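**Student:** Questions regarding the structure given below will be posed in turn.
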Amino acid sequence: MHVKRIHHVAYRCKDAKETVEFYERVLNMEFQLAFAEDEVPSTKEPDPYMHVFLDAGMGNVLAFFELPTQPDMDRDHNTPKWVQHIAMEVECYDALVDAKAHIEGEGVDVLGPINHGIFQSIYFFDPNGHRLELVANSRTQDQLDELKRVAPAMLDEWSETKQAPRHAAWLHELEFTGDLS
C-alpha cells in the first residue's frame, strides 16, 4: 500500500456557516461542498450533522462537522493550546507578512512572524478556537537533508530520555552553514 495524499482533514465547528464564511473571508479558501445527514453513514447512529469542505489548495481539503445535538465542543484541556493546530503554507515571506496584515484587518489577533529556522510562521485562532498557522518556507536542501539524517537518532534519544536532543539545536541557535562538524 502507498498513501497518495491526505484526502481531507476534518475538525468540529460550532457553526458551519460562520466557519465557512471565516475561511472564505480570512484565508480566501473556496467552499467546495457540503453533506448533511440525520444518521451517521458509518455507524448508523441517529446524529444529525452538517459536513462542509473547503479548498486548501493543491488538492488539500479542510473539512468541518457541525453537530447540533452533541454537547458543546471544547478542546483537549490536557494538551496545551499551542500543540493542536492546522498549518498551511503560503508562497513566500512577503505573502506571510501580507496575510498577517489582512488577517489583522479582519479583527483577528495574530502572533508572529516567528522564525523556526527552516520556516517563518504566524498564528491565530478561528471562530471555533482552532489554532491556525501560516508558514513561509525559508529552508535549504542542506538543512532538510541534515534534519532527515538526524531524525532517527533524535527519536531514539527522545524515546529513552524524554529530554530534547540537541541534534537540530542549530535551527534556533545559529545560521546553518551546511557544516555541523
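**Student:** Answer yes or no: is there a residue in the range 76-94 that is touching a residue at least 12 places away in the same chain (Cβ under 8 Å), surrounded by 14 or more Cβ atoms within 10 Å (Cβ to Cβ) and more than 26 Å from ALA10 (Cβ to Cβ).
**Tutor:** yes
**Student:** Scan the range 21-31 and tell me whether some residue there is within 30 Å of HIS172 (Cβ to Cβ), assigned to a strand (DSSP E or B) and not aliphatic (A, V, I, L, M). Spell out how you get there, then give the answer.
**Tutor:** Of the range 21-31, the ones within 30 Å of HIS172 (Cβ to Cβ) are 26-27.
Right, trim to assigned to a strand (DSSP E or B) and you get none.
No.
**Student:** Right, next: Hey, among the residues in the range 95-110 that are assigned to a loop (DSSP other than H, G, I, E, B) and in contact (Cβ under 8 Å) with a residue 12 or more places away in the chain, which one's farthest from GLY129 (Cα to Cα)? Write out each step before concluding.
**Tutor:** Of all residues in the range 95-110, those assigned to a loop (DSSP other than H, G, I, E, B) come to 106-110.
In the following step, the residues that additionally are in contact (Cβ under 8 Å) with a residue 12 or more places away in the chain were identified as 106, 108-110.
On the way: GLU106: 16, VAL108: 12, ASP109: 12, VAL110: 13 Å.
Filtering the range 95-110 for residues that are assigned to a loop (DSSP other than H, G, I, E, B) and in contact (Cβ under 8 Å) with a residue 12 or more places away in the chain, the one farthest from GLY129 (Cα to Cα) comes out as GLU106.
**Student:** Right, here's the next one. Test LYS148 against the criterion of being farther than 22 Å from GLY57 by Cα, among the basic types (Lys, Arg) and under 23 Å from the mean Cα position of the chain (by Cα), and give yes or no.
**Tutor:** Values: farther than 22 Å from GLY57 by Cα: yes; among the basic types (Lys, Arg): yes; under 23 Å from the mean Cα position of the chain (by Cα): yes.
It is true that LYS148 is farther than 22 Å from GLY57 by Cα, among the basic types (Lys, Arg) and under 23 Å from the mean Cα position of the chain (by Cα).
**Student:** Mind counting the residues in the range 33-77 that are under 19 Å from the mean Cα position of the chain (by Cα) and among the polar types (S, T, N, Q)?
**Tutor:** 1
**Student:** I'd like the full set of residues that are assigned to a helix (DSSP H, G or I) and farther than 21 Å from ALA87 by Cβ, limited to the range 1-20. So that I can check it myself, show each step before the final result.
**Tutor:** Residues of the range 1-20 assigned to a helix (DSSP H, G or I): 16-20.
Matches in the range 1-20: ALA16, LYS17, GLU18.
Since every read-out is calculated from the coordinates, none of them should be taken as a lab result. Note that the structure is predicted; figures quoted are calculated from it, not measured. Methodologically, a virtual Cβ is constructed for each residue, glycine included, from the backbone with ideal geometry; neighbour enumeration extends over all protein chains shown.
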